[in-house]
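S.K.: Sharing a structure here in structure tokens format.
The values are calculated or read from the model by the stated rules, or taken from the named source; none is laboratory data. Because the structure is predicted, anything quoted here is derived from the model rather than measured. Glycine gets a Cβ as well: all are built from the backbone with ideal geometry, and neighbour counts include every protein chain shown.
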Amino acid sequence: MTPQETAGGFAGIGMLSSLFGGISQYKMGQAEKSAYDYNAQVTLQNMRAQMTASQQKYSELTGKQASAYAASGVDISSGSPLLIMAATARSGGQQAEQIRQSGKQEATLQRYYGRLAAWKGETGGISSFLTGMSSNMAEYGMATGAFNP
């Protein structure tokens, strides 16, 4: 086997190695994106559960207020008792909205990180492949005498 054939064989192996390295980085980026997307789904599920718990809490509180007023003989259909119960319900709605906004922002951030991870995997894979190819071709060129710096 001539030195040129040996150099060509090593260049071919190096090219395959570069290709597999690039594919590996791409797949790692896709896997990381999938993990971030999953985290975003979990965040949204947790947000819904927190909203439900908050709504139940404020409904129970309003019910307790109404029961306490009724037990005291206070008319709960108008005046201060009604205003207090309305304020409690409004506070519950505001807290639910804050939970919703926070959950949606966190999920959006998780998806963004996932897109970045996928992009990083793609560019890293391409870079790895091209760097490996360049290195292999330079080594092949020097081994065959086609390239002498």
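S.K.: What number goes with the only condition from (1) over 30 Å from Glu122 (Cα atoms); (2) free of Cβ contacts under 8 Å to residues at least 40 places away in the same chain that Gln55 does not pass?
M.R.: (2)
S.K.: In contact with a helix residue (DSSP H, G or I) (Cβ under 7 Å, 6 or more places away or on another chain), modelled with pLDDT of 90 or more and not in a loop (DSSP other than H, G, I, E, B): which single residue out of Gly125, Gly132, Gly103 fits that description?
M.R.: Gly103
S.K.: Might you check whether a residue that is farther than 30 Å from Gly141 by Cβ, touching a residue at least 24 places away in the same chain (Cβ under 8 Å) and among the charged types (D, E, K, R) occurs anywhere in region 66-76? First the steps, then the outcome.
M.R.: Kept after step one, since they are farther than 30 Å from Gly141 by Cβ, are these residues of region 66-76: 66-76.
Imposing the further condition that a residue be touching a residue at least 24 places away in the same chain (Cβ under 8 Å) reduces the set to none.
No, there is no match, as no residue in region 66-76 is farther than 30 Å from Gly141 by Cβ, touching a residue at least 24 places away in the same chain (Cβ under 8 Å) and among the charged types (D, E, K, R).
S.K.: Can you confirm whether region 70-79 contains a residue that is part of a helix (DSSP H, G or I) and either surrounded by 14 or more Cβ atoms within 10 Å (Cβ to Cβ) or at pLDDT 95 or above (or both)?
M.R.: Of all residues in region 70-79, those part of a helix (DSSP H, G or I) come to 70-71, 79.
Filter again for either surrounded by 14 or more Cβ atoms within 10 Å (Cβ to Cβ) or at pLDDT 95 or above (or both), leaving none.
Within region 70-79 (the criterion being part of a helix (DSSP H, G or I) and either surrounded by 14 or more Cβ atoms within 10 Å (Cβ to Cβ) or at pLDDT 95 or above (or both)), the answer is no, since none of the residues qualifies.
S.K.: For region 98-108, name all the residues that are touching a residue at least 24 places away in the same chain (Cβ under 8 Å) and either surrounded by fewer than 19 Cβ atoms within 10 Å (Cβ to Cβ) or at positive phi (or both).
M.R.: Arg100, Ser102, Lys104, Glu106, Thr108 - these are the residues of region 98-108 that are touching a residue at least 24 places away in the same chain (Cβ under 8 Å) and either surrounded by fewer than 19 Cβ atoms within 10 Å (Cβ to Cβ) or at positive phi (or both).
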